[in-house]
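The values are calculated or read from the model by the stated rules, or taken from the named source; none is laboratory data. Just so it is clear, the model here is predicted, and its values are computed rather than measured. Note: ideal-geometry Cβ built from the backbone for every residue, glycine included; neighbour counts use all protein chains shown.
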Amino acid sequence: MQFKLGDFVRFVDEKREGYVTRIIDSQTLGVTDTDGFEIPVAVSNLTSVHGHQSNVAKPADFSNPAVPVDEKFIAEGIFIAVIESQKASSVVHFTLVNRTSYHLLLSLKTDLKGTYKGEFGSVVPAKSQTQLYSENLADLEIWPEFNFQILFFTISDIKPKAPLVLNRKFRAKDFSTSKNMIPELNKYGWLIRLDEPLPLIDAQKLKESLFRGATETTKVAIPPMEVDLHIEKLRDDHQFLAQSDMINMQLAYFQQMLDAAIVHQMPKIVFIHGVGNGTLRHHIHKLISKHPQVRTFMDAQKEKFGFGATEVVFKV
């Protein structure tokens with residue numbers, strides 16, 4: 001039996017039920033039970049519970065795909081709506097929202113490190129929506145790359161539109177904003193546009209930027225005396241970031257503040273990096289130990305920060 005993320009299932013050999021929240025491999029699924037624990041279970045030990053199958057919309061049939069005479073033809077507006085499952089919150093469902101007057105012939109394939117899989121292929125009628133994929137949001141860092149191929153069809157007197165071919169790798173920033181109401185689905189979620197128009201280039205502004213005088217300088221703001229490098233102070237979406245990305249962002253901000261302090265000839269500055277496993281502190285000490293403008297550095301105010309902050313003193 002083929003199961004999908006979000007399906008409600010029952011264990012064959014014991015009285016337990018739950019929702020499919022992870023595809024571990026072809027023979028094993030992760031099932032989150034009513035207590036909230038995810039359990040690896042063999043596919044052979046599961047059965048669907050009647051009436052609880054995930055609600056995947058089927059593309060509607062259409063017999064006359066022409067736009068009514070009194071209705072304006074809408075040529076753009078193709079989105080992916082990402083909605084959290086009401087039953088298994090770690091699972092998100094992808095729904096294609098077609099706000100255009102075109103009927104779309106849609107193909108979706110995923111690419112996971114060179115392994116391709118056909119996920120969805122069908123017609124999405126004009127001004128309709130179709131659920132086409134599900135994933136576990138906690139596994140965002142290892143999601144595959146998505147390949148969308150879309151053909152546009154209408155019998156109206158409209159010049160043919162070029163197909164849309166788009167490779168998309170979803171990132172944490174795609175889900176860092178607040179969820180909004182998606183009227184077509186009457187649910188809150190993230191709405192990501194696929195047919196985003198290319199930005200128009202202002203020729204005059206481009207010319208001005210190329211021939212801008214060398215006298216123009218970039219203004220550098222004066223940094224605070226104490227700079228907090230904790231990742232939650234720098235990024236709202238830090239829970240979706242890999243550890244290496246966090247460290248790189250913290251070090252980049254540290255370098256920016258260090259340079260700004262030197263530009264403004266500050267006598268000293270304190271960087272609050274926290275204790276943690278010591279990785280960030282180690283990198284910072286390594287950088288400032290070789291910096292030509294740094295006279296010395298030390299643990300800052302141990303009674304206040306412990307070993308979680310470093311004070312940097314600059315050469316006069």
* Structure fact -> By residue number, the members of segment 130-139 that are crowded, with 19+ Cβ neighbours inside 10 Å and of a type outside the set (Val, Ile, Thr) are GLN131, LEU132, TYR133, SER134, GLU135, ASN136
* Go through segment 264-281 residue by residue and tally those that are loosely packed, with under 13 Cβ neighbours inside 10 Å and either modelled with pLDDT of 90 or more or under 16 Å from ALA221 (Cα atoms) (or both). => 3
* Asked: Residue check, SER89 against (1) surrounded by fewer than 20 Cβ atoms within 10 Å (Cβ to Cβ); (2) at pLDDT 90 or above; (3) over 21 Å from PRO197 (Cα atoms); (4) among the polar types (S, T, N, Q), all met but one. Which one?
  -> (2)
* Positions within segment 299-313 being assigned to a helix (DSSP H, G or I) and closer than 17 Å to ASN277 by Cβ, in sequence order -> PHE305
* From the options LYS304, LYS268, LYS315, LYS286, residue that is under 34 Å from the mean Cα position of the chain (by Cα) and of a type in the set (D, E, K, R) -> LYS286
* Structure fact -> If we keep only residues of segment 37-78 that are assigned to a strand (DSSP E or B), within 30 Å of the chain's Cα centre (by Cα) and modelled with pLDDT under 85, then the residue farthest from ILE192 (Cα to Cα) is ILE39
* Restricting attention to segment 302-316, which residues are in contact (Cβ under 8 Å) with a residue 12 or more places away in the chain and either surrounded by 15 or more Cβ atoms within 10 Å (Cβ to Cβ) or farther than 22 Å from ASN248 by Cα (or both)? -> PHE305, GLY306, GLY308, ALA309, THR310, GLU311, VAL312, VAL313, PHE314, LYS315, VAL316
